[in-house]
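Remarks on the structure that follows.
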Amino acid sequence: MPEITLYTVPNCADCHAVKRLLTHHGAAFTEKNVRGDPEAVAEMQAKANVRIAPVTLIGEQAFYGPFDDQRPRILTALQGSRE
Amino acid sequence: MSAPRSRLEYFVDGMDCASCVQKVERMIATLPGAEEVRTSFNKQTLRLDLDETQTERATLERNLQALGYTPSLLNPPTAPMSEAAPKDHAHGEHGHVHEAPTPGQPWYATGQGKLVVTSGVLLALAWLFGFIEPQFATWGFVAATLLGVWPLAKKAVASARFGDYFSINTLVSLAAVGAVLIGEAAEGAVVVFFFAVGELLEGIAAGRARAGIQALAALVPKTALLVEGQGTREVPADSLAVGQTVQVNPGGRVPADGTILSGTSNLDDSPVTGESVPVVKSAGNTVYAGSINTDGVLTVRVDKAASDNTIARIIHLVEEAEGSKAPTARFIDRFSRYYTPGVVAVSALVALVPPLLFGGVWHEWLYKGIALLLIGCPCALVLSVPAAITSGISAGTRRGLLIKGGAALESIGSVKTVAFDKTGTLTAGKPRVTDVVGQDRNEVLRLAAAVESGSSHPLAKAITDAAKGSHLTLPAAENAQALPGKAVTATVEGRTLSVSSPRHAATLTTLPADLSATIEAFEKQGRTAVVLLDGPTPLGVIAIRDEPRPDAREAVAQLRGLGVQTVMLTGDNARTGQAIASDLGMDVRAELLPEDKLRLIADLKAKGGVAMVGDGINDAPALAQSDVGIAMGGGTDVALETADAALLRERVTGVADLVGLSRATMQNIKVNIAFALGLKAIFLVTTLLGYTNLWMAILADTGATAIVTANALRLLRWKGSGPAAPRTVTAAPTPSRA
C-alpha cells in the first residue's frame, strides 16, 4: 500500500467526502490541515502544485479538485495499488 | 460597440477548498459584466474579464470579502487576451470496475453446497453400510467427519494465527475430531454435516437478499442508441464513454447516467429512488441509468461510464455495507471470545476431572465432555446476526433507503433526536413569491424582477419566476450590483432601485410603521420578506416562502410517534424558522452559523444519539459529526459518499422508515439471540441430566439455525410506511433452491 496523505481544511464538504471514501476502502492516510499552516501549504504545493484543498496524495500520484472529479481517480489508484 | 473590459487576476486568501471555489464562482456568476472567469487550483487565484462600467472592481472585491475571502490584485489590469488556461477536467480514466454480479448459482454448485452434498452422501452411505458391513460404516463416518472438518479446521487455524484461538470453527473441529477419537464418528459426522447445512442456509439467506439488489443492475439496458451525425447506431451500453450523446425513445430505458440535452418526458426513476411516480424532466435535468422513459424522445449526454453509474455504485455500496459489522455483531464476536473458551474449559474439566481424580470411566466422561462441546456450539447465534443485517439493508435499498453498513442500521433506531437541516431537506429549496404588497402589485413585481434579473440567487429566481408567471415584460437593468445577504441594486428606467432585506433597508431609510408591521407579520408566517426601494423611498414588499415538503409534517409526526425528538437547524431568521417549525410541529434553532450547527449536534450527541438529516452537499461536516448522517439526495456523489444513509427518493418520511427498519432489524436479532441461547440452555441442562441425548441437542441446534435464518429473511418483506416501487422487471437471476 503506498503512503496516502490528505490535505484538508476545516468544514469542507469535499474534504469530508474524500476522507470517507478512503476510510470506506480501508486505506490508511495521514490528514494535514493546511488552513493557517503555511508549511503544510508549501508541502502540498511542492507535491501537487495546488493550493486548494482537498488534495489527495497516493504514492506519487496527486489528485485535486472537487470530490466528483477526484473520486474515480482515487479509486483507480487504490485499486492499482492492491493488485 | 464593445464595452471597455479589463482582465483582473486576484490571489484570493481563504479560498482554500473546492467548495470555496464553487462559492466564489457562483457569486461571480451573479455579477453583470463578468466573463471568462477562471479559478486556478494551482495558484489559488481568480481571473476574470470585468466590464467595469457594469460592475465596479470595488463591488467584486467587497463581495469576495463578504464571503470571507481576501482578494489581492496580482497584475495591473490588462486588456483581455484570447487564450485561457483550461481547468483540468479530463475525465478519461475510469478505473472503478465493479465485479459483474454473478448470476445466482444453484445452491449445490457453490463450494459450501458441494461440501454439504458430499458429506451428506457419505453420511447416508455410511449409515446404509451400518446394516450390511458395520466396520465399513465406521470408516464412512470417519471419512464424512474429516471431509466436513477440513474446511473448518483450516478456518480455525487461520483465525488462531490472528490471535483468535477459540473461534466457533475451533469448537466444532475439536468436537468432531474428539468424537472420532473416542469412537463416536457417527455423531461427529452428523455435527459437521449440520454445521455445514447451517452455514449453507446463512449463505442462501444472504444470497437471496443480495439477489434482490443485484436485480437492479438488470434494469440497465444492454444496448444504447448512440447519436452520430444525423442518425443513431445501436451500441452496447457498456461501451458508452463520458461525453457521448444517446437517444432514448419512449418506453425505453436510459442506458447511462447523464444530462438531458433535448426533449421533455416523464421518467420513472424507481430503480434508483424506489419512487414509482414518474417525474417530468427536460433539458438540463439529470437522468439515471435504468430509469424508464415513459413518453417523449430524449437526447442525453452521457455523464458516467457504465461501471460508475448510480445503480452500480448503490449495488457496490450495499455489498460493502453488508460486509461491515454492526455493533451487535461485534458484541456476538466479543461474547464468543469469552463464551467459546469457557465451553472448551468446562468440557475439558468434565472429560478429565472425574476419571483422573474420582476414578470415573474414561470413555463415559470423554463422551460427556465432547457432548458439552457440541451442545455449547453457538452456531445459530453466530449465523443469525449477519443474516438479519443483510436482509434489513436489502429491504431498505429496495425502498429507496440506502444504508451503508450494519453499524448505521443499528444506531439509527436508537437515536433520541433527529436534527433536520431546513433548506432543501424539510423544504423543497424552491422558494416562491406568495404576496406582493404595494400601491401597484404588478409594478412592484416588474421593477423588483428587473433588478434581480441578473442574479441566480434562489430568492431572485422566485421573484423573476413570479414576474414571468404574471406575464410582465421586464425593463433592462443597468449597473446591477449585489451585496450578498443584504441587497441587490440596479438602475432601471432611470431610477436607482434596490431589492433589500428589511434589516438592510432599515439602515438606509426609515420604513413606515405599517410596512414594518406587514414585514413582521410575513416573517411570523414563515416567509422571507424583501423591500423594494426607489432611492430611499419604499415602493413595496415581496413575501417569499420556501414551502415545506408535502410529507414533512407527516414525517415529524411519525418520528414523534416512534418516540424520537425532532429539531430544525437553520441559518434563517428566528421568526421565519419558528413559523415553519411550529407549522411542522417541531423544535427549532435558528440564525445558526455552520459552526453553531456542529456545536449543537455535539450537544445533542451527549444527550443520547443524534441523527442529522441534510441535503448532503453543504451539510457534510454536520453529517459527519452526528451519530448517523442521513443525506437527502437522489444519488448525488457527495450524498452517497459522506452520509451513513441516504434517502434516494426525496421524502422526509424516509427518516421515520429508517428508524422503523432499524428497530425491526434489531428486534429480529434480539429474538434470534434469545431463541438460540434459550434453546441451548435447555438442551445443555437436559442432556447433562440425561433426559435428552446428544442427537437431540444437535438437531435442536440445527433447527434453531434454520429458524433464526428464516426469521431473518422475514425482514426482506419489510414494507415501511410508503408503498414499495412495483418491480416490473423479472430479469432477476434468483438462485434456484428449496
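The values are calculated or read from the model by the stated rules, or taken from the named source; none is laboratory data. These figures come from a predicted structure and were not determined experimentally. Counting neighbours? That spans all protein chains shown, and the Cβs are built from the backbone with ideal geometry, glycine included. Keep in mind that these areas ignore ligands, DNA and RNA; they rest on the heavy atoms of the full protein, side chains included. Shrake-Rupley method; radii C 1.70, N 1.55, O 1.52, S 1.80 Å.
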Quiz item: Right, residue A:56: open to solvent by less than 10 Å² (accessible area, probe 1.4 Å) and either within 23 Å of residue B:308 (Cβ to Cβ) or at the interface with chain B (Cβ under 8 Å from one of its Cβ atoms) (or both) or not?
Solution: yes
Exercise. Starting from segment B:395-412, keep only residues that are away from chain A (no Cβ under 14 Å) and of a type in the set (Lys, Arg), then list their pairs with residues that are open to solvent by less than 10 Å² (accessible area, probe 1.4 Å) and assigned to a loop (DSSP other than H, G, I, E, B) whose Cβ atoms are within a distance under 7 Å, requiring at least 6 positions of separation or different chains.
Key: B:398/B:274; B:399/B:274
Exercise. Scan segment B:26-44 for residues that are farther than 18 Å from residue A:7 by Cβ and either in contact with a strand residue (DSSP E or B) (Cβ under 6 Å, 6 or more places away or on another chain) or in the same structural domain as residue B:481 (by the TED database) (or both) and report the count.
Key: 9
Practice problem: Give the number of residues within segment A:22-46 that are without any contact (Cβ under 8 Å) to a residue 40 or more places away in the chain and either at the interface with chain B (Cβ under 8 Å from one of its Cβ atoms) or of a type outside the set (Gly, Ala, Ser) (or both). | Solution: 16
Quiz item: Restricting the search to segment A:59-72, which residues are at the interface with chain B (Cβ under 8 Å from one of its Cβ atoms), free of Cβ contacts under 8 Å to residues at least 24 places away in the same chain, open to solvent by less than 40 Å² (accessible area, probe 1.4 Å) and under 11 Å from the mean Cα position of the chain (by Cα)?
Solution: A:65
Practice problem: Could you identify the single residue in B:408, B:450 that is more than 29 Å from residue B:613 (Cα to Cα) and either among the aromatic types (Phe, Trp, Tyr) or surrounded by 24 or more Cβ atoms within 10 Å (Cβ to Cβ) (or both)? | Solution: B:450
Practice problem: Mind counting the residues in segment B:261-312 that are assigned to a helix (DSSP H, G or I) and under 17 Å from residue B:225 (Cβ atoms)? | Solution: 1
Quiz item: What are the residues in segment A:73-83 that are at the interface with chain B (Cβ under 7 Å from one of its Cβ atoms) and open to solvent by 50 Å² or more (accessible area, probe 1.4 Å), if any?
Solution: A:79
Practice problem: State whether one or more residues within segment A:12-21 are more than 7 Å from every other protein chain (Cβ to nearest Cβ) and under 26 Å from residue B:11 (Cα atoms). | Solution: yes
Practice problem: Out of the residues in segment B:573-620 that are within 14 Å of another protein chain (Cβ to nearest Cβ) and assigned to a loop (DSSP other than H, G, I, E, B), state the one that is surrounded by the most Cβ atoms within 10 Å (Cβ to Cβ). | Solution: B:619
Quiz item: Restricting the search to segment B:483-522, which residues are modelled with pLDDT under 85 and open to solvent by less than 20 Å² (accessible area, probe 1.4 Å)?
Solution: B:487
Exercise. Filter segment B:28-44 for residues that are surrounded by 20 or more Cβ atoms within 10 Å (Cβ to Cβ) and either within 11 Å of chain A (Cβ to nearest Cβ) or under 21 Å from residue A:68 (Cα atoms) (or both) and give the result.
Key: B:39, B:41, B:44
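Please state which one of B:197, B:192, B:235 is among the hydrophobic types (A, V, I, L, M, F, W, C), surrounded by fewer than 21 Cβ atoms within 10 Å (Cβ to Cβ) and in the same structural domain as residue B:151 (by the TED database).
B:197
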Quiz item: Failed condition for residue A:6, given (1) crowded, with 20+ Cβ neighbours inside 10 Å; (2) modelled with pLDDT of 85 or more; (3) within 11 Å of chain B (Cβ to nearest Cβ), with all others met?
Solution: (3)
Quiz item: Can you tell which of B:684, B:640 is more than 14 Å from every other protein chain (Cβ to nearest Cβ) and of a type outside the set (Asp, Glu)?
Solution: B:684
Quiz item: Which pairs do you get when a residue that is without any contact (Cβ under 8 Å) to a residue 24 or more places away in the chain, found in segment B:602-613, comes within reach of a residue that is outside any strand (DSSP E or B) and open to solvent by less than 40 Å² (accessible area, probe 1.4 Å), reach meaning Cβ atoms under 8 angstrom, with the pair 6+ apart or on two chains?
Solution: B:605/B:626
Quiz item: Filter segment B:633-651 for residues that are open to solvent by less than 10 Å² (accessible area, probe 1.4 Å) and modelled with pLDDT of 85 or more; which is farthest from the chain's Cα centre (by Cα)?
Solution: B:647
Quiz item: Are there any pairs with C-beta distances below 8 angstrom linking a residue in segment B:682-695 that is under 15 Å from residue B:369 (Cβ atoms) to a residue that is among the polar types (S, T, N, Q) and assigned to a helix (DSSP H, G or I), with the two at least 6 apart or on different chains, and if so which?
Solution: B:694/B:687
